[in-house]
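These notes are about the structure you will find just below.
Derivation of every value follows stated rules applied to the coordinates shown; laboratory data play no part. Every value quoted in this text rests on a predicted model; they were computed, and no experiment measured them. Cβ sites come from the backbone with ideal geometry, for glycine too, and all protein chains shown count toward neighbours.
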Amino acid sequence: MGQSGETIKDTPESIQLKPIGIVKNRNFKASWGTELQALTWQERVAEMHEQRQSVSEIVVDPEFEDMLAGTEEFSHLAVIYWAHLIPEEKRNEAIIYPFGDKNNFPPVGIFATHSPARPNGILVTAVRLLERNGNVLKVTGLDALNGSPVLDIKSHVPDQVNEVVRTPEWHKKMREAFK
């Protein structure tokens, strides 16, 4: 039971979301797939880094095009999308080793990671906006797979946290590999 006295049973059992668009890119290799599972964690980081450097298009439904007005004024956007290809059995994993590597990372709860395998496959990534052309946004930095439904887009403002951000040592090790 939470501090407020409410339990999960006091909330709706399901929530319906309508995608506002779709991701179009060349990212077809899923982090949980056999291709990437066979790699070392450093090789997986390199593969993910390469995916994030590629250009993606976010094709927004034309009915929402007016809502994109002003996005081109920002260098970065936050893209919220759905991990549509995660197998159901992956959605129940509670404890994982980052990158599946028991030798280099401690076991942590799924909520301490950016793993796409979550109870609700809602993912968020900050991307660099290259250009907007009508209802299409060209971006880099998007780790979504081709065909991922986009749920929302927000301006990304890095100074929303005005204090020092703390991260664990294993996360710092992983981030260093991205440099």
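For the range 17-157, the percent of C-alpha pairs falling in each 5 Å distance bin, counted from 0 to the bin holding the largest distance, reads 2, 10, 18, 22, 19, 13, 9, 5, 2, 0. Relative protection proxy for 72-84, 163-175, from highest mean packing down: 72-84, 163-175 (other beta-carbon atoms within 10 angstrom).
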